[in-house]
1. Have a look at F143, F184 and point out the one that is out of contact with any Cys (no Cβ under 6 Å at 6 or more places or on another chain), aromatic (F, W, Y) and within 24 Å of V18 (Cα to Cα).
2. Looking at the stretch 182-196, is at least one residue under 25 Å from S59 (Cβ atoms) and part of a helix (DSSP H, G or I)?
3. Would you mind telling me which numbered condition in (1) under 22 Å from A237 (Cβ atoms); (2) assigned to a helix (DSSP H, G or I); (3) hydrophobic (A, V, I, L, M, F, W, C) V158 fails?
4. Can you tell me which of E113, E163, E100 is in a helix (DSSP H, G or I), closer than 21 Å to T186 by Cβ and charged (D, E, K, R)?
5. Output the number of residues of the stretch 190-214 satisfying the condition of being farther than 15 Å from K128 by Cβ, at pLDDT 95 or above and not basic (K, R).
6. Name the one entry in T97, T40, T19, T108 that is out of contact with any Cys (no Cβ under 7 Å at 6 or more places or on another chain), hydroxyl-bearing (S, T, Y) and buried (at least 18 other Cβ atoms within 10 Å of the Cβ).
7. What number of residues within the stretch 178-218 are open to solvent by 60 Å² or more (accessible area, probe 1.4 Å) and either under 13 Å from S118 (Cβ atoms) or of a type in the set (K, R) (or both)?
8. In the stretch 236-251, which residue that is modelled with pLDDT of 90 or more and part of a helix (DSSP H, G or I) is farthest from E129 (Cα to Cα)?
Amino acid sequence: MLNEFFDYLIVKKGFEKVTIENYKRVISKFVKDVGAEQPTQEQVEKYIVDIVKRDCSYSHIVNSSVTLERYMEFLGKPIKIARPRKPKTLVAKEILTEGEVARMLAVTKNDRENAMLSVLVYGGLRNKELCNLKVKDIDIDNFLIKIFGGKFKKDRIVPTTKECIKIIQDYLRDFPREVNKYLFTTMVKNKQYNGWALRKRIKIIAKRAKIKKRVYPHLLRHTLATHLLSKGMNIVAVQKILGHERIETTMQYIHLSPQKIRSEYQYYVPNYN
């Protein structure tokens, strides 16, 4: 039954491998805990109540709810599970400073490393989006990066800087490849670069730059979004750059630190004197 469900996600929903792996983890645990591959609505609801009472994370509760809704739909017993309200926090997620990003760029050892890092820090691409880039996706004349088949199979165009384009040109001069080939490939077998290798490379560069924070590709995307918004860029424009389907997703990158709040207040406070 579970294998049929996973096939259903591929054929009927068009989900990607990484998404299906997440579904597998949730459903496998659910079936093990409940002891039934064809649960009743009451069993599903009780399971959700149990994980809420165990004070599981917001993301775990939501992911479990979405997965179980899909599973029950597949079984022909559709249900709707209400989502808990997302908790608000005053603690901003850790990002890199502009200085830390500059240090990482400064310690890259070759044009290949520099190009990979530059595309991430200036374009805010997702891990897989960078790995899927082809040479023809770089619009050198207009300083643009074209993303095809991003998250939810959506295409978009991402602006980048003149400096980033120059770095890519230098890289292609040292590592020439045909326009229809992947922009980044492995060094030994010249195969498509993968997410695991990219995460490892970013970690190595961060360590070389003596950055103590945990650094990974998505943190660079998060960092770019936060810096753009903090400098006053329109949130809808940032949403389009990141490829978010919902504006609420982009809003999570707005970190109103006490310093930022004070600065905004001092700029806008009326003069009562």
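1. F184
2. There is at least one residue in the stretch 182-196 that is under 25 Å from S59 (Cβ atoms) and part of a helix (DSSP H, G or I).
3. (2)
4. None of the others qualify; the one that does is E113.
5. Result for the stretch 190-214: 5.
6. Of T97, T40, T19, T108, the one residue that is out of contact with any Cys (no Cβ under 7 Å at 6 or more places or on another chain), hydroxyl-bearing (S, T, Y) and buried (at least 18 other Cβ atoms within 10 Å of the Cβ) is T108.
7. Selection size over the stretch 178-218: 12.
8. Applying the filter and picking the extreme gives V236.
The values are calculated or read from the model by the stated rules, or taken from the named source; none is laboratory data. What you are looking at is a predicted structure, and each value in this text was computed from that prediction instead of being measured. Note: ideal-geometry Cβ built from the backbone for every residue, glycine included; neighbour counts use all protein chains shown. Areas reflect the complete protein model, heavy atoms only, side chains present, ligands, DNA and RNA absent. Shrake-Rupley method; radii C 1.70, N 1.55, O 1.52, S 1.80 Å.
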